[in-house]
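A.B. asks: Attaching a single structure in structure tokens format; questions to follow.
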Amino acid sequence: MSAPVLSISRRTRETPFTRRVTEAGVRGYTVYNHMLLPTVFESVEADYHHLKRHVQVWDVACERQIEIRGPDAARLMQMLTPRDLRGMNPGQCYYVPIVDETGGMLNDPVALKFTDEKFYISIADSDLLFWAKGLAYGFRLDVDVNEPDVAPLAVQGPKAEELMVRVFGEGVRNIRFFRFALLSFQGREMPVARSGYSKQGGFEIYVTGSDIGEAIWDALIVAGADLNVRAGCPNLIERIEGRLLSYGNDMTRENTPHECGLGRFCDTQTAIGCVGRDALLRVASEGPVRQIRSFAIAGDPVPACTRPWPIYAGGDRVGQISSATWSPDFETNVAIGMIRMTHWKDGTTVEVEAPDGTRSAQVREASFI
Ligand code: THG
């Protein structure tokens with residue numbers, strides 16, 4: 001029996017880099033924001049080892065940008081998130097939980113501030129554009145809300161800075177974590193941030209204009225030949241080790257930011273205007289009764305986690321695993337899940353009902369990295 005394939009059509013949007021990704025030998029895709037997102041090149045394990053040692057170029061164009069522009073831009077931004085944005089300066093990136101009127105998570109994007117009147121929201125996999133447009137229209141805000149022709153390209157791994165300097169110049173070195181600068185490639189300015197969906201360090205180029213996508217890709221691949229640069233993609237193993245959350249997998253609209261461990265990105269008291277503020281003030285006063293944790297799951301490599309796996313303790317259901325995989329470096333299965341407060345303490349032993357049988361697992365308060 002052969003594995004199912006993903007049928008590709010116009011709705012599974014290509015990116016400015018898709019031709020290069022194909023030429024590089026991509027072996028698997030997922031769909032994210034209705035767009036192709038590579039998941040594997042050589043093998044997930046080979047890609048993982050390479051990411052931790054060298055440098056990779058990732059087509060993450062599916063991290064679509066919502067551009068908010070106009071006199072009410074800052075007001076709309078604050079309506080979307082319980083993180084207080086008053087201290088956010090131009091050139092800063094903020095990881096911002098986005099919540100609805102019940103305090104439920106709608107997305108967990110990175111926001112970029114250009115000026116008081118211009119922001120990008122670099123979204124995870126949900127149609128946040130429609131929520132932002134609905135709020136702007138419903139509240140008669142003086143803003144433009146659109147998806148510009150901007151395609152993020154990530155450069156990740158321990159040699160990322162060296163590679164980026166060769167293509168974008170020494171200015172790259174001055175960019176601090178979660179800051180961006182406008183740097184030029186072939187005379188075109190675009191935001192370059194020190195950020196990315198790995199714990200190995202690196203940058204994200206917000207490639208401005210699809211027409212220049214292949215030229216930037218090629219420049220990085222040529223300049224990095226002696227650095228062993230390769231095409232890569234967000235790596236399942238590395239992101240679970242680092243507990244980087246995946247919207248739709250590890251959290252949904254059913255969860256508050258506090259349950260997701262994103263309480264440190266909430267300033268609900270002072271985030272005046274956030275549509276979820278009242279709801280979050282109510283739940284935050286009690287504190288969450290379940291929360292995201294990392295887990296080490298015993299036994300042989302687990303199968304793919306395509307649906308939540310129940311967690312039991314003493315016969316009671318106390319949570320669920322939402323992402324899991326074998327970690328070659330930690331020589332155990334690593335996982336992300338949500339667990340009730342009665343069992344969320346570091347080191348607690350629980351049972352996970354994986355598709356191939358019940359396994360013992362240990363709760364970890366910290367991530368693996
Ligand atoms: N980069 C950009 N856009 C994105 C992602 C990204 N959009 C979709 C998705 N990823 C959004 N989700 C995340 C999740 C985690 C992080 C960023 C985006 C992240 N977290 C760091 C951490 O948890 O260690 C640091 C957060 C902080 O300290 O502020 O980077 O990856 N452009």
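A.B. asks: Tell me the accessible surface of ASP84 in square angstrom (1.4 angstrom probe, heavy atoms of protein chains only), to the nearest ten.
C.D. replies: Surface accessible to solvent at ASP84 totals approximately 30 Å².
A.B. asks: Long-range amide H contacts for ALA354: which residues qualify at under 5 Å (H placed 1.01 Å from N, peptide plane, sequence gap of 5 or more or a different chain)?
C.D. replies: Distant-sequence amide H within range of ALA354: ARG359.
A.B. asks: Further, regarding this structure: Can you pull the accessible area of TRP326 for me, 1.4 Å probe, Å² to the nearest 10?
C.D. replies: Probe radius 1.4 Å; accessible area of TRP326 about 60 Å².
A.B. asks: Could you compute the FRET efficiency for THR342 and ARG253, with r as their C-beta to C-beta distance and R0 at 22 Å, rounded to 0.05? Mind dumping the intermediate values first?
C.D. replies: Details: r = 24 Å, r/R0 = 1.11.
Between THR342 and ARG253 the formula returns 0.35.
A.B. asks: Also, I was wondering about something else. Using a 1.4 angstrom probe on the protein heavy atoms only, line up ASP329, ASP100 by accessible area, largest first. Write out the running numbers ahead of the final one.
C.D. replies: Working: ASP329 75, ASP100 15 Å².
The most accessible residue leads, giving ASP329, ASP100.
A.B. asks: Turning to a different aspect of this structure: Cα to Cα, under 22 Å, and not fewer than 8 places away if on the same chain: which lysines meet these conditions relative to LYS133?
C.D. replies: LYS113, LYS118
A.B. asks: Kindly report, to the nearest 10 Å², the accessible surface of ARG293 as traced by a 1.4 Å probe over protein heavy atoms only.
C.D. replies: 20 Å²
A.B. asks: Please compute the length gained on full extension between ASP267 and THR349, using 0.36 nm multiplied by the number of residues separating them and subtracting their Cα-Cα distance. Walk me through the intermediate numbers first.
C.D. replies: Values: separation 82, 0.36 × 82 = 29.52 nm, distance 3.30 nm.
Stretched out fully, the ASP267 to THR349 stretch lengthens by 26.2 nm.
A.B. asks: If I stretch the segment between PHE330 and ARG19 completely, what's the gain in nm (0.36 nm per residue apart, minus their alpha carbon distance), one decimal?
C.D. replies: Result: 108.5 nm gained on full extension.
A.B. asks: Return the equivalent ellipsoid semi-axes of the chain as a descending list in whole Å, where each equals the square root of 5 times an eigenvalue of the C-alpha gyration tensor. It would help to have the intermediate numbers written out before the result.
C.D. replies: Details: eigenvalues 199, 163, 65 Å².
One finds semi-axes of 32, 29, 18 Å for the chain.
A.B. asks: Given a 1.4 Å probe and heavy atoms of the protein chains only, how would you sort SER2, SER195, largest accessible area at the top? Don't skip to the end; give the middle numbers.
C.D. replies: Values: SER2 105, SER195 5 Å².
Heavy-atom accessible area, descending, gives SER2, SER195.
A.B. asks: For segment 233-275, what's the radius of gyration and Dmax over Cα atoms, in angstrom?
C.D. replies: Reported Rg and Dmax, both Å: 13.1, 38.
A.B. asks: Okay, next question. What are the ³J(HN,Hα) couplings of segment 263-278, residue after residue, when phi is run through the Karplus curve with 6.51, -1.76, 1.60 and θ = phi - 60°? Round to Hz, x for glycine and proline.
C.D. replies: x, 5, 9, 10, 10, 4, 4, 9, 7, 5, x, 4, 5, x, 4, 4
A.B. asks: Applying the Karplus parametrisation 6.51 cos²θ - 1.76 cosθ + 1.60 with θ = phi - 60° to the phi angles of segment 100-107, what ³J(HN,Hα) value in whole Hz is obtained for each residue in order, glycine and proline being reported as x?
C.D. replies: For segment 100-107, the Karplus curve yields 8, 6, 9, x, x, 5, 9, 4 Hz.
A.B. asks: Which order do LYS199, LYS133, LYS52 take when ranked by solvent-accessible area (1.4 Å probe, heavy atoms of all protein chains), largest first?
C.D. replies: Putting LYS199, LYS133, LYS52 in descending order of accessible area: LYS199, LYS133, LYS52.
A.B. asks: At a 1.4 Å probe, what is the % contribution of carbon and sulfur to the accessible area of the chain?
C.D. replies: Details: 8030 of 16460 Å².
Accessible surface attributable to carbon and sulfur in the chain totals 49 percent.
A.B. asks: Continuing with this model, one more query. List, in order, the whole-Hz ³J(HN,Hα) value for each residue of segment 321-338 obtained from phi through the Karplus relation with A = 6.51, B = -1.76, C = 1.60 and θ = phi - 60°; use x for Gly and Pro.
C.D. replies: Along segment 321-338, the couplings run 8, 10, 9, 7, 6, 6, 10, x, 6, 8, 6, 7, 6, 10, 8, 10, x, 10 Hz.
The values are calculated or read from the model by the stated rules, or taken from the named source; none is laboratory data. Predicted model only: the values in this text are computed from it and were never measured. So basically every Cβ, Gly included, is an ideal-geometry build from the backbone, and we count neighbours across all protein chains shown. Note: accessible area is taken over every heavy atom of the protein model, side chains too, but ligands, DNA and RNA are not part of it. Shrake-Rupley method; radii C 1.70, N 1.55, O 1.52, S 1.80 Å.
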